[in-house]
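Below you'll find the structure, written out as structure tokens, and then a few comments.
We did not get these values from a lab; they are worked out from the coordinates using the rules stated. As the structure is a computational prediction, the values presented were derived from the model and not from experiment. Note that we place each Cβ from the backbone using ideal geometry, even for glycine, and neighbour counts take in every protein chain shown.
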Amino acid sequence: MKKIAEEISLVGKCEWITMMELRQTPGEVFDSVALGKIFVVTQYGKPVGVISAPPGATLMTIIESDGSITYGPIT
């Protein structure tokens with residue numbers, strides 16, 4: 001489980017990753033994207049794409065009384 005401080009620190013951050021890193025850890029990349037992180041994907045040292053949440057998509061973080069964390073769209 002991620003700590004709250006780790007989740008908050010991801011919001012608004014941009015990181016460059018290689019295609020190989022994306023292939024090796026897609027789950028971690030998309031978990032970070034769900035928390036607001038943006039990735040610039042590179043191939044042979046050149047940017048080839050960007051991974052980010054869809055425009056207008058905002059997730060709400062819900063922290064339950066037992067400490068569990070869930071995410072859902074803001075309605």
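Please report S68, S32 as a ranked list, fewest other C-beta atoms within 10 angstrom at the top and most at the bottom.
Numbers: S68 9, S32 21.
Result, fewest neighbours first: S68, S32.
Using a 7 Å offset from the Cα along the Cα-to-Cβ direction at both Q43 and E15, what is the distance between the two label points in nm, to one decimal?
Each label point is offset 7 Å from its Cα along the Cβ direction, giving 2.2 nm.
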